[in-house]
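The next block holds one structure in the form of structure tokens; read it before the comments.
Bear in mind these aren't lab numbers, they're just calculated from the coordinates by the rules spelled out. Bear in mind that the values here come from a model prediction, so they are computed numbers and not experimental data. We place every Cβ from the backbone using ideal geometry, glycine too, and count neighbours over all the protein chains shown.
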Amino acid sequence: MGPSGRGGRNRPCALDVFRQGPWVPDREEFNPVGGRCRSPVAGCGVNVFIPYNTDAPIYHWPLATVGLIVANAWVFFLLITGGIDDPEALILTYGEGLQPLQWVTSNFLHGSPMHLIGNMFFLWGFGLVVEGKIGWWRFLLIYLGIGILECAGEQMLMNSLGKEGGSLGASSILFALMAISWVWAPKNEMDCVLIIFHSIRHVSVSILMFGTCYILLELAFAALTGFRVSSATLHLAGAAPGFLIGFAMLKLDWVDCEGWDVLTLWRGESKAVLLRDLPDSGPTRADEAIRRSAGTTEPSRRTPDLAGPPDAAERRTPLADGELDEGHRKMRQVLHRGEIDLALQLHQEMNRITQQWQLEFGEITEILRLLHAGKRWGDSIPFMEEFLERFPDSSGQVRVKLAQVYIVDQERPKKGLALLQPMRSGGLDEAVVDLRRRLIIRARKMIEEGTLELQ
């Protein structure tokens, strides 16, 4: 079942969406109470696609979504019981000048029970995704703003074309919400009920696939009508600002998609972008007067073995303090140049030749910063574990980061929860506290879904 409303009655039955208005050729006059709005189910006959849930992370309760559903249902109840004296005055009318009030009211009108039900299922499914990421008041701004702008543009266009009649429904807004969800959560799935003739099936479809199919079908129907003003073009007109808003809020960092947005997927980064760089904790820099470089050969691009130092039997006799100092000077210089592979090789070699070798606070922090900048999450795990053990008083951010690597990159939710649950929020930045909360929610959901955790 697709968002219905704002469609022509004579349009081919696909996506159960329509735009109501007598200006459409061969249309009948529309009466919103008892009018001849085609039911999405009865109109399609063959199949109905009903979205009802999503696996997208939800960080805000869908208060506005539920409120809008209640408001739409209440308005429809008033329509069918005669509680609204002049319903035609609330429809978006053409040929009667600009009517700003109708830019709001027409979005809450529906011509039949199935018209209402179809739109509310779509509002619930995509409202969960959008409001779940940005909260109720920003969601309301987007919902009402798109509805007002689309209706204003539509009324001005139809007036300029000399058309008469009117329209109602929220499908343009719903296509916008679908477009935003397509940008923000393409790989998350939408749970749907698929009705084919007398068969009912439950299916899960990615939002990317769901939205792409709808947009392509609307483009096909719009092409068949020569892109004249019709249900298809009006739905596309609703999707267009949805795409713009989705991409704009993403680029401005006004929404946290945890690295599952469409831009990240296009870049091929996927889960890596979920792991933010560890803040710089003031690593010690190399002395610019060091006469000798850290090495003369190009560092190997092969990831060094970070499993840990060799057994004590393989080590040499303890080094003098001067030799250890020289090792740290080399390490600081290599890190200053940003040569992380060479730094890892030097650390491995110093571990091999002496038990006295330990990275200093600034050195281990800089190693973590460089590894995270390169999205080498697995390589950073032993260094974060060492940091937690040696510097427990400064480990809050690193602990959250390590848990994030375990949960998101390694898919080990139990390991991540073991790090996060004993933590206290005191002394942590608000962003770190919020990240910890979201990671706990994500880990618990993974455990509930039966994620197989490999040790």
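Kindly identify the range 163-270 as rounded, prolate or oblate by the Cα gyration tensor criterion: order the square roots of the eigenvalues as a ≥ b ≥ c, call it rounded if a/c is under 1.5, otherwise compare a/b with b/c, prolate if a/b is larger, else oblate. It comes out oblate by the Cα gyration axes. Taking the inverse of the mean reciprocal distance over all distinct Cα pairs, the Kirkwood hydrodynamic radius of the range 40-268 comes to 18.3 Å. Applied to the range 178-194, the Karplus parametrisation 6.51 cos²θ - 1.76 cosθ + 1.60 on θ = phi - 60° returns per-residue 3J(HN,Hα) values of 5, 5, 4, 4, 4, 6, 8, 9, x, 8, 6, 9, 10, 7, 9, 9, 10 Hz, with x for Gly and Pro.
For the range 429-435, putting each phi into the Karplus relation 6.51 cos²θ - 1.76 cosθ + 1.60 with θ = phi - 60° gives couplings of 4, 4, 5, 5, 4, 5, 4 Hz, in residue order, rounded to whole numbers and with x for Gly and Pro.
Rounded if a/c is under 1.5, else prolate if a/b is larger than b/c, else oblate: which is the range 164-207, with a ≥ b ≥ c the root eigenvalues of its Cα gyration tensor? The shape class here is oblate. With 0.36 nm allotted per residue and the present C-alpha distance subtracted, the I441-D429 stretch has 2.4 nm of extension available. Protection proxy ranking of 246-252, 89-95, by the mean of other Cβ atoms within 10 Å over each peptide's residues and highest first, is 89-95, 246-252.
Classify the range 340-445 from the C-alpha gyration tensor, please: rounded if a/c falls under 1.5, else prolate or oblate depending on whether a/b exceeds b/c.
Prolate is the answer for the range 340-445, as a/c is 1.5 or above and a/b outweighs b/c.
From most to least packed by mean Cβ count within 10 Å, the peptides 159-166, 335-342 give 335-342, 159-166.
Once the Cβ-Cβ distance between L217 and L388 is put in as r, and R0 is 35 Å, what FRET efficiency do you end up with, to the nearest 0.05?
Calculated value: 0.10.
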